[in-house]
Amino acid sequence: MLTKEHIDELLARSGNVVSTEGAKIGSIGQVYVDDENGQPTWVTVKTGLFGTSESFVPLEGARLEGEDVVVPYTKDQVKDAPRIDVDGQLDPSEEDRLYSHYTLSAGYQDHVDSDRGPLGDHEAVSTAGFDGDNDPHRTTENNNLDDGLTRSEERLKVGTEKEAVGRVRLRKYVTTENVTQTVPVTREEVRIEREPITDADDVAMTSAAHLGEEEQEVILHEERPVVQKETVPVERVRLKTETVTDDVTIDEQVRKEHIEAEGDDTLR
């Protein structure tokens, strides 16, 4: 268990509160000590966005490890602790709610109750501006501030990130189709021509004439279609991306603090 001898060392650090599993719960906020004996009994943990939320954790069973405080509780258990204003002092009813949440033993509660003094108050010692030579029981977090309250609110910080949503690829495949084309072709045919012999040809033909069998042969030709195929490039196809801008409406809830004054008519 941490003792009052550890307060100076604890407040001088800018460490974190860590669970026994080694998970970071949050950064150290304030240390609450007993009014009567100055022993540290509670530490607040800054959690949430920008550390705007603080949760109370008992220091019973806690130990120092480097710059961090290791507590025997889980991260979820600390974050689910009752919300209590960090106003510099814990009253008995608030402590009872915390005891119930952390299921502390009755012996420990009795021990703390006996250390509280008549009013059972515990005061906070700030982690900022602590001077070990001064009284460790007084609150020092507002030494350099006025007596007013700081009002905070959440604001949206919206950005964009690029993520893969699909994949497009080019794939080439082969199909078959019929092509009809007319081609002119030529062929040879036999035609019989008859020519009478004239008087001028009679002498020559008579000397060569003889009676007998004779034949003449002619070879016929024709054209036939011949098909050849060749592969030729006809087109280049490529993928190209372009950026299109759309408007997306973000609907989120943000919290803000309000400050109002309350009066007590019985005071003068």
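Values in this text are rule-based calculations from the coordinates and carry no lab data. Please read these numbers as outputs of a predicted model, since none were measured by experiment. Here the Cβ is made from the backbone with ideal geometry for all residues, glycine too, and neighbour counts use every protein chain on show.
Ordered by the number of other Cβ atoms lying within 10 Å of each residue's own Cβ, fewest first, Ser100, Ser27 fall into the sequence Ser100, Ser27.
The packing ranking of peptides 180-188, 32-40, highest mean first, is 32-40, 180-188, where packing means the average number of other beta carbon atoms within 10 angstrom of each residue. In a fully extended conformation the segment linking Thr182 and Lys240 would gain 16.7 nm over its present Cα-Cα distance, using 0.36 nm per residue. Annotation: amide H of Trp42 within the under-5 Å range of Tyr32, Leu59, sequence separation 5 or more or interchain, hydrogens built in the peptide plane. Which links in Lys79/Lys256; Lys172/Lys229; Lys4/Lys75; Lys75/Lys256; Lys24/Lys46 stretch past 18 Å when you go from one Cα to the other? As for pairs spanning more than 18 Å Cα to Cα, those are Lys79/Lys256; Lys172/Lys229; Lys4/Lys75; Lys75/Lys256. Of the residues Leu10, Leu170, the one with the fewest other Cβ atoms within 10 Å heads the list, and the complete ranking is Leu170, Leu10.
Just need the Rg to Rh number for the range 1-103, please, alpha carbons only, Kirkwood Rh. Taking Rh as the inverse mean 1/r over Cα pairs, Rg/Rh reads 0.92.
Computed from the C-beta positions of Lys157 and Ser93 and an R0 of 35 Å, the FRET efficiency is 0.40 to the nearest 0.05. Rounded to the nearest Hz, the phi-derived 3J(HN,Hα) couplings of the range 25-40 under the Karplus curve 6.51 cos²θ - 1.76 cosθ + 1.60 (θ = phi - 60°) are 8, x, 7, 5, x, 10, 10, 9, 10, 6, 4, 7, 10, x, 6, x, where x marks glycine and proline.
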